[in-house]
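This report concerns only the one structure given below.
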Amino acid sequence: MEDTAEVRRIVEGLGLPGIIDVHTHFMPKNVMDKVWQYFDSAGPLTGRPWPITYRADEQQRLATLRSFGVLAFTSLIYPHKPDMAEWLNQWAARFAADTPDCLPTATFFPEPGAARYVATAIDRGARVFKAHVQVGGYDPTDALLDDVWGVLAESGTPVVTHCGSGPTPGTHTGPDPIRAVLARHPRLRLIVAHMGGPEYTDFLDIAAAHDGVYLDTTMAFTPFMERTMPFPTNEYPRLRDLGHRILWGSDFPNIPYTYTEAMRAVSALPGVDDGWLRGVFHHNAAAVFGTPEQD
């Protein structure tokens, strides 16, 4: 496939062994089907038509990622109601056990017992969590999450967090709730999804102020996102300076364009060099997760 060949050319041109993608979705089939139905209906959280480029069965999606040279990836799952997170974690643990290149992933929801099942997931090998503030519709400062953030901070387990207000604002999205969480749990390791868009500047500020905060590139800089949530041109110098805190994320398979287009958008950012790109596409995530490919 042309898409595969182009991704490989980018990776090989940078002298990388492959890609680490911190923002990919694998879910139980019934859940993924519902997610795709939501995108197909252009639901209110998407705000516009959103065709799924890589709609295929699970094994084909895995084969596609591997054909791109993706060495490690996540199975980001997220609940939208109580009594859902724990069984999603059980599914994700089985998926990771059967899929060695998947970073074992887990999630949580503000509910009694959340700290318990988060600790259990970590004990069983979870290496990354997903917190979707927009879809979950919850306040990150909810008292039911205080012990959850504490467990995650103590363990140093990264949390990919959709907390920016794109593509449409949620009741509790935006930088202020995250600032409040970090004030209480300064050791927390957060990976802010979508570069925190559209509040890019605020989340760059947060990353600059907290050593444990990273940003992932998911959907940012692509023509699709630039049309409605353009990255501020005056922040390009700081984006380059914070290059060691930027991680590659794609949102595969739920993207309305090709994987190549997303990689090209990042590669074409003003002023970035090959060293910056090597960090974003591989080295930075390898350092965060301690994957064996980091050398």
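The values are calculated or read from the model by the stated rules, or taken from the named source; none is laboratory data. As the structure is a prediction and not an experimental result, all values here were calculated from the model. Virtual Cβ from ideal backbone geometry, glycine too; neighbours counted across all protein chains shown. Surface accessibility is based on the protein's heavy atoms, side chains included, excluding ligands, DNA and RNA. Shrake-Rupley method; radii C 1.70, N 1.55, O 1.52, S 1.80 Å.
Summary of values
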item	result
Criterion (open to solvent by 50 Å² or more (accessible area, probe 1.4 Å), of a type in the set (K, R) and in a loop (DSSP other than H, G, I, E, B)) met by exactly one of R187, R179	R187
Single unsatisfied condition, D251 versus (1) charged (D, E, K, R); (2) under 25 Å from A209 (Cβ atoms); (3) in contact with a strand residue (DSSP E or B) (Cβ under 8 Å, 6 or more places away or on another chain)	(2)
Which numbered condition T46 misses (of (1) in a loop (DSSP other than H, G, I, E, B); (2) within 25 Å of A126 (Cα to Cα); (3) among the polar types (S, T, N, Q))	(2)
Residue match in region 223-233 (condition: open to solvent by 10 Å² or more (accessible area, probe 1.4 Å) and closer than 24 Å to W149 by Cβ)	no
Count of region 206-232 residues which are without any contact (Cβ under 8 Å) to a residue 12 or more places away in the chain and within 23 Å of A285 (Cα to Cα)	2
Where a residue in region 136-149 is touching a residue at least 24 places away in the same chain (Cβ under 8 Å) and surrounded by 23 or more Cβ atoms within 10 Å (Cβ to Cβ) and its partner, wherever it lies, is among the aliphatic types (A, V, I, L, M) and assigned to a loop (DSSP other than H, G, I, E, B), with Cβ under 9 Å and at least six apart	W149/L188
Region 119-135: number of residues that are open to solvent by 10 Å² or more (accessible area, probe 1.4 Å) and of a type outside the set (S, T, N, Q)	10
Pairs where the first residue, in region 165-184, is more than 13 Å from G196 (Cβ to Cβ) and the second is acidic (D, E) and open to solvent by less than 80 Å² (accessible area, probe 1.4 Å), C-beta under 8 Å, 6+ apart	T171/D139; H172/D139; R184/D146
Pick from region 152-161, criterion outside any loop (DSSP other than H, G, I, E, B) and without any contact (Cβ under 8 Å) to a residue 60 or more places away in the chain, ranking: surrounded by the most Cβ atoms within 10 Å (Cβ to Cβ)	L152
Any chance G166 is open to solvent by less than 10 Å² (accessible area, probe 1.4 Å), of a type in the set (G, A, S) and more than 13 Å from the chain's Cα centre (by Cα)	yes
Residues that are hydrophobic (A, V, I, L, M, F, W, C), more than 12 Å from P110 (Cα to Cα) and over 16 Å from the mean Cα position of the chain (by Cα), drawn from region 76-92	W87, L88, W91
Those residues of region 12-38 which are open to solvent by 10 Å² or more (accessible area, probe 1.4 Å) and in contact with a strand residue (DSSP E or B) (Cβ under 8 Å, 6 or more places away or on another chain), in sequence order	P17
